[in-house]
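The values are calculated or read from the model by the stated rules, or taken from the named source; none is laboratory data. It should be emphasised that the depicted structure is a prediction, and the values quoted were computed from it without experimental measurement. Glycine gets a Cβ as well: all are built from the backbone with ideal geometry, and neighbour counts include every protein chain shown.
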Amino acid sequence: MDLRSHNLKQTVSAIEDLRSLVASDFHAIADQALHHVEQLKQNCDHDWAVNQKAYASVCNLMEGQLKSLFEFYAKNNPLLAQIQFNHDKETFSLTAWNKLLSSLDLVLRSVSLFNFTETLDVKLMKGHLVVSGKLKKFKLGPELRVKTYALIRQFLALESVFTYDVMEMGGEAYLSLRFDYSHRAELRLDFSTNQGKNLSFSNILSNYEVTNLEKFREVKHLCLEVDSSYQLYEREMIPEEYFQAFYSSEANFSVFHFSFLFRPISLIIPMRGDLSVSGLQNQAYVDFFSLINK
């Protein structure tokens with residue numbers, strides 16, 4: 001057995017152990033999965049980039065394990081009847097898989113905070129894992145606030161983003177939990193100005209650019225504003241002047257919004273226009289994850 005096969009076997013074994021411990025404390029097993037996946041990544045990243053057949057086989061294997069894990073979770077949850085699993089292989093990279101596998105315990109802890117009922121939808125798409133379903137009840141108590149905030153911070157520490165969407169209709173609620181693993185260390189989202197000043201952020205930021213600012217008018221939440229001299233200010237809502245100028249062709253700023261449960265955050269950057277994702281290293285890099293994980 002070559003090194004690649006050996007590491008892959010260890011990874012699968014670790015995930016199977018994690019599955020068997022869904023109802024108990026599985027942190028140590030998740031750490032083992034992380035260790036083996038890191039080995040897998042170091043040994044195989046380059047080979048899989050050029051060997052699409054091998055990469056597809058690995059993806060199929062990972063997806064099978066992930067599906068089995070959620071099926072086991074549903075089987076042990078009396079409120080759930082079934083799991084619907086969907087995926088988009090072409091947009092879930094090996095890097096995203098590595099991050100997902102390293103945070104499976106956090107994902108399951110996040111899902112377990114809510115009383116999902118009937119069918120749980122699990123989707124892999126564009127570097128995201130999205131877990132959605134109907135809730136028996138949607139109650140945001142102080143205990144949930146503390147646990148959710150801690151999980152959000154843990155995902156950010158792993159350079160991933162955990163957000164949510166909720167729709168409430170007729171006394172029922174439909175909740176989607178989104179786990180974004182699309183960050184790539186070699187990619188940058190670059191902002192340039194005519195004055196020659198440049199800022200560079202993680203490519204993950206592009207997933208959260210606001211196109212309809214009006215829905216945030218007078219909504220109190222943490223707003224991080226970077227001014228023209230690159231000083232950072234905290235506001236309790238998005239300032240009114242940005243709403244007035246947002247749709248103007250002369251507007252020179254970008255707004256990004258993160259729907260963190262209990263603590264949504266907006267980020268305003270004093271540049272706007274064509275944003276490019278590149279591997280340039282001559283920009284002033286801003287650690288986005290540390291910036292909002294305070």
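Odds and ends about this structure:
- Residue in segment 85-106 that is more than 17 Å from the chain's Cα centre (by Cα) and of a type in the set (A, V, I, L, M) present: no
- Unmet requirement for Gln154, which otherwise passes all of (1) farther than 22 Å from Tyr181 by Cα; (2) among the polar types (S, T, N, Q); (3) in a helix (DSSP H, G or I): (1)
- Extreme residue, surrounded by the most Cβ atoms within 10 Å (Cβ to Cβ), among residues of segment 226-246 that are in contact (Cβ under 8 Å) with a residue 12 or more places away in the chain and assigned to a loop (DSSP other than H, G, I, E, B): Ile238
- Residue check, Arg178 crowded, with 17+ Cβ neighbours inside 10 Å and assigned to a strand (DSSP E or B): yes
- Residue match in segment 255-262 (condition: out of contact with any strand residue (DSSP E or B) (no Cβ under 8 Å at 6 or more places or on another chain) and at pLDDT 90 or above): no
- Val277 being part of a strand (DSSP E or B), modelled with pLDDT under 90 and not basic (Lys, Arg): yes
- Of the residues making up segment 181-216, those that are surrounded by fewer than 20 Cβ atoms within 10 Å (Cβ to Cβ), within 24 Å of Gly127 (Cα to Cα) and among the β-branched types (Val, Ile, Thr) number 2.
- Every residue from segment 93-121 that is outside any helix (DSSP H, G or I) and either crowded, with 22+ Cβ neighbours inside 10 Å or of a type in the set (A, V, I, L, M, F, W, C) (or both): Ser103, Leu113, Phe114, Phe116, Leu120
- When segment 247-265 is filtered for residues that are more than 27 Å from Phe162 (Cα to Cα) and either out of contact with any Pro (no Cβ under 7 Å at 6 or more places or on another chain) or in a helix (DSSP H, G or I) (or both), the ones remaining, listed by number, are Tyr247, Ser248, Ser249, Glu250, Ala251.
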